[in-house]
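Visitor: Take this structure, written in structure tokens, and hold onto it; I'll ask about it next.
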Amino acid sequence: MKIIIINGPNLNLLGKRENDIYGEKSFNEFFEILVQKYSTIELCHFQSNIEGEIIDKIQETGYNFDGIVLNAAAYTHTSVGIADAVRAVNTPVVEVHISNTFSRENFRHKSFSAPHVKGVIVGFGLQSYELALQSFLQ
Ligand code: DQA
């Protein structure tokens, strides 16, 4: 099973960024743990701060991977382009957020992609990614 985690803007700063909200761990540290724990999954990770690169990656993996775990970060709340890419591809997408976006500012309550994904996992810290992986294993 081939699954890619696609992370959007500023998620490269996990561990350094607003630790009270996003925790102390860098994504790379967390990713290594996931790779070891889910050794039966062929797991990839891509991060970009650039909207078009995220769209390119969804298109590139959206016909030949078994699952996409997408945290489009701030673009979740703004990007019709990413939502259209999610709609376009065949690979099921699970949207994740580290923080509970619904307990934060109003602008974070809107997700352009949420109506087009298989499911949304919000607010479990980095464990949101793991829950998304597990959903593909069911
Ligand atoms: C986030 C929530 C977004 O509102 C925010 O812009 C992020 C991260 C999360 O994982 O909690 O960068 O997607």
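The values are calculated or read from the model by the stated rules, or taken from the named source; none is laboratory data. Worth saying up front: this structure is predicted, and the values here are computed from it rather than measured. Here the Cβ positions follow ideal geometry from the backbone for every residue, glycine too, while neighbour counts run over all protein chains shown. Ligands, DNA and RNA are excluded from the accessible area calculation, which covers all protein heavy atoms including side chains. Shrake-Rupley method; radii C 1.70, N 1.55, O 1.52, S 1.80 Å.
Visitor: If you go through the range 1-21 one residue at a time, how many are in a helix (DSSP H, G or I) and either open to solvent by less than 20 Å² (accessible area, probe 1.4 Å) or touching a Gly at 6+ places or on another chain (Cβ under 8 Å) (or both)?
Guide: Residues meeting the conditions: 1.
Visitor: A further question follows. Which members of the range 39-55 meet the condition of being farther than 18 Å from V93 by Cβ and either among the hydrophobic types (A, V, I, L, M, F, W, C) or in contact (Cβ under 8 Å) with a residue 24 or more places away in the chain (or both)? Working first, answer last.
Guide: Within the range 39-55, the first condition is being farther than 18 Å from V93 by Cβ, and the residues that meet it are 39-40, 49-50.
Answer for the range 39-55, where residues must be farther than 18 Å from V93 by Cβ and either among the hydrophobic types (A, V, I, L, M, F, W, C) or in contact (Cβ under 8 Å) with a residue 24 or more places away in the chain (or both): T40, N49, I50.
Visitor: Just checking: which of the strands (runs of 3 or more DSSP E) contained wholly in the range 41-138 hold 1 or more residues that are open to solvent by 30 Å² or more (accessible area, probe 1.4 Å) and within 16 Å of the ligand (Cβ to nearest atom)?
Guide: In the range 41-138, 42-47, 119-122 are the strands (runs of 3 or more DSSP E) which contain 1 or more residues that are open to solvent by 30 Å² or more (accessible area, probe 1.4 Å) and within 16 Å of the ligand (Cβ to nearest atom).
Visitor: So in the range 1-25, with the set limited to residues that are of a type in the set (G, A, S) and more than 21 Å from V94 (Cα to Cα), which one is farthest from the ligand (Cβ to nearest atom)?
Guide: Among those that are of a type in the set (G, A, S) and more than 21 Å from V94 (Cα to Cα), it is G15.
Visitor: I'd like to verify a number: residues in the range 22-40 that are open to solvent by 50 Å² or more (accessible area, probe 1.4 Å) and in a helix (DSSP H, G or I), how many? Before the answer, list the steps.
Guide: Step one: of the range 22-40, the residues open to solvent by 50 Å² or more (accessible area, probe 1.4 Å) are 24-25, 28-29, 32-33, 35-37, 39-40.
Subset that is in a helix (DSSP H, G or I): 28-29, 32-33, 35-37.
Residues meeting the conditions: 7.
Visitor: Can I ask one more? Would you be able to say whether some residue in the range 88-106 is of a type in the set (K, R) and touching a residue at least 12 places away in the same chain (Cβ under 8 Å)?
Guide: No, the range 88-106 contains no residue that is of a type in the set (K, R) and touching a residue at least 12 places away in the same chain (Cβ under 8 Å).
The rows are residues; the columns are (1) polar (S, T, N, Q); (2) more than 15 Å from I6 (Cα to Cα).
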{"position": "F46", "(1), (2)": "no, no"}
{"position": "T61", "(1), (2)": "yes, no"}
{"position": "V86", "(1), (2)": "no, no"}
{"position": "H109", "(1), (2)": "no, yes"}
{"position": "G123", "(1), (2)": "no, yes"}
{"position": "L126", "(1), (2)": "no, no"}
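Visitor: Give just the number: which of (1) under 14 Å from the mean Cα position of the chain (by Cα); (2) touching a residue at least 24 places away in the same chain (Cβ under 8 Å) does N64 not satisfy?
Guide: The single condition N64 does not satisfy is (1).
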